[in-house]
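Trainee: Submitted below is the structure of interest, expressed as structure tokens.
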Amino acid sequence: MKGMNSFLVTFSLLALVSTLASASDPSSLQDFCVALDGTKHAVFVNGKFCKDPKLVTADDFFFSGLDKAGNTSNAVGSRVTPANVDQIPGLNTLGISLVRIDYAPNGGLNPPHTHPRATEILVVTKGKLYAGFVTSNPDNRLLTKVLKTGDVFVFPVGLIHFQFNIGKTNAIALAGLSSQNPGVITIANAVFGSKPPINPDVLTKAFKLDKEVDIDPMKGVQHFLVVFSLLILGFTLASASDPSPLQDFCVALNSTKHAGIFVNGKLCKDPKLATSDDFFFSGLDKPGNTSNAVGSKVTPVNVDQIPGLNTLGISLVRIDYAPNGGQNPPHTHPRATEILVVTKGTLYVGFVTSNPDNRLFTKVLKTGDVFVFPVGLIHFQFNIGKTNAIAFAGLSSQNPGVITIANAVFGSNPAINSEVLAKAFKLHKKMVEYLQTQF
């Protein structure tokens, strides 16, 4: 009987709090779980209290201000402006966030750091950056690339990485991260600035330093050089959105040559043959052609464009919208939450919750505004301005998938029986047949 009671208690606890995770942040069991700081009108899910869904508004998925430059007048010459669950409570449980990074001219640095819970996919929107990451022990390979405007680079989860402005003007980048709260460990600060300090004997031996060296005040150029010494340590913490990898990365292959293992749906290149080009894409500075029926163009940067994204649980898109009504029509991403920032123009955006409520949440977004579309929900963007508009979006899967509602329903191959659609949409059969000819 005691055994049965123990089982029932354990089962009850598991029913309340499940910590199994194969998504970036623990997988949600509802459309969203808007974070609360208090317990009123709340339940506890995935580490944050959830607001009563009936009290949720579009503002819970909205943030304004990524058009504003960060103050780079500091020791490293950079500023990171986050849009995570602390700024957008609707991101809770949805496994993605966004940052803007500003870099001062002539050496502005986002110093070597790790994100223990997220892969990062970064696009340069202005300037020129020298960027790179270091693999884990024992190889500790440094993979670097010079990035210009429109270039994209991937930093795998948990690995030490950096960006350095090698241009004479300020630089700007936007980055998606595959966690609502990716965490940041700035290596120099953590090792030489911990509270209380790490025993100097430990650091002296770890970094092969003379004990007479004054470790604590390392700043400026010396600070930077010491940080690079730390690159030999490497990190392998992993908690990615698509099934969690068991290695630093798994660069996708289209053939079996140099492969031999099959992970998460893609063949993996031998890690010793991986190069920085496997984590790189160029071209997001170029506008997409919007001369089509819907007046928009999505330019994806997923595992098909960047094979190094394989297993890392994130991707990026640029979306261009024609003036006066260009739209990204109602669609879903079956495997990803989307976090979108407008970089030009004005968009009317929204999403619809699942049955039975089917609530519509909408917002008008201007340049610098951010909005979240929860995984699997039908959503759209519509250009209400008189000029073209541009947005960038991070998605919490290396291959998020897209289901454009009208195309899937009325343009399937073979066609769905017209009687099924007539009844489902309460339309005359002839109207359904007409719609099917349009797709």
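Trainee: Taking amide H positions as placed in the peptide plane 1.01 Å from N, state which residues far from Ser78 in sequence (5 or more) or on other chains have amide H under 5 Å from it.
Mentor: It is Ala104, Leu109, by chain and number.
Trainee: Can you tell me the Rg and Dmax of the stretch 60-198, counting just the alpha carbons, in angstroms?
Mentor: For the stretch 60-198, the Cα-based Rg and Dmax read 15.0, 44 Å.
Trainee: A further question on this structure: In nm, give the distance between the simple-model label positions of Asn189 and Gln305, each being 7 Å from the Cα along the Cα-to-Cβ direction.
Mentor: Simple spin-label model gives 3.1 nm for this pair.
Trainee: Over the stretch 341-417, what percent of the accessible surface lies on carbon and sulfur atoms, probe 1.4 Å?
Mentor: Carbon plus sulfur share of accessible area: 58 percent.
Trainee: Once phi is turned into θ = phi - 60°, what whole-Hz ³J(HN,Hα) does the Karplus curve with 6.51, -1.76 and 1.60 give for every residue of the stretch 363-378, x standing for Gly and Pro?
Mentor: 7, 9, 10, 10, 3, x, 7, 10, 9, 10, 10, x, 3, x, 8, 5
Trainee: Report, to the nearest whole %, how much of the accessible area of the stretch 108-153 belongs to carbon and sulfur atoms, 1.4 Å probe, protein only.
Mentor: 52 percent
Trainee: Shifting gears a bit: Going by average Cβ density within 10 Å per residue, which order do the peptides 95-104, 185-194 take, highest to lowest?
Mentor: Averaged packing, sorted descending, gives the order 95-104, 185-194.
Trainee: With each label point set 7 Å from Cα along the Cα-Cβ vector, what nm distance links Lys386 and Asn417?
Mentor: Taking the two extended label points, one gets 5.2 nm.
Trainee: May I ask which of Lys266/Lys286; Lys148/Lys269; Lys286/Lys386; Lys68/Lys363; Lys168/Lys297 have a Cα-Cα span longer than 23 Å here?
Mentor: Pairs exceeding the cut-off: Lys266/Lys286; Lys148/Lys269; Lys168/Lys297.
Trainee: Quick one: net charge around Arg79, please, counting Lys, Arg +1 and Asp, Glu -1 for every other residue with C-beta under 12 Å from its C-beta.
Mentor: Net charge around Arg79: +1.
Trainee: May I ask you to evaluate 6.51 cos²θ - 1.76 cosθ + 1.60, the Karplus curve with θ = phi - 60°, for each residue of the stretch 96-101 and list the ³J(HN,Hα) values in order in whole Hz, giving x for glycine and proline?
Mentor: 7, 7, 9, 9, 10, 10
Trainee: Want the number for Asp201 to Glu433: 0.36 nm per residue separation, take away the alpha-carbon distance, what's left?
Mentor: 75.6 nm
Trainee: Let me check against my output: what whole-number percent is the relative contact order of the stretch 79-149, with C-alpha pairs under 8 Å and at least 6 apart?
Mentor: Result for the stretch 79-149 is 22 percent.
The values are calculated or read from the model by the stated rules, or taken from the named source; none is laboratory data. The model shown is predicted, which means the values in this text are computed figures rather than measured ones. Here the Cβ is made from the backbone with ideal geometry for all residues, glycine too, and neighbour counts use every protein chain on show. Only protein heavy atoms, including side chains, enter the accessible area calculation; ligands, DNA and RNA are left aside. Shrake-Rupley method; radii C 1.70, N 1.55, O 1.52, S 1.80 Å.
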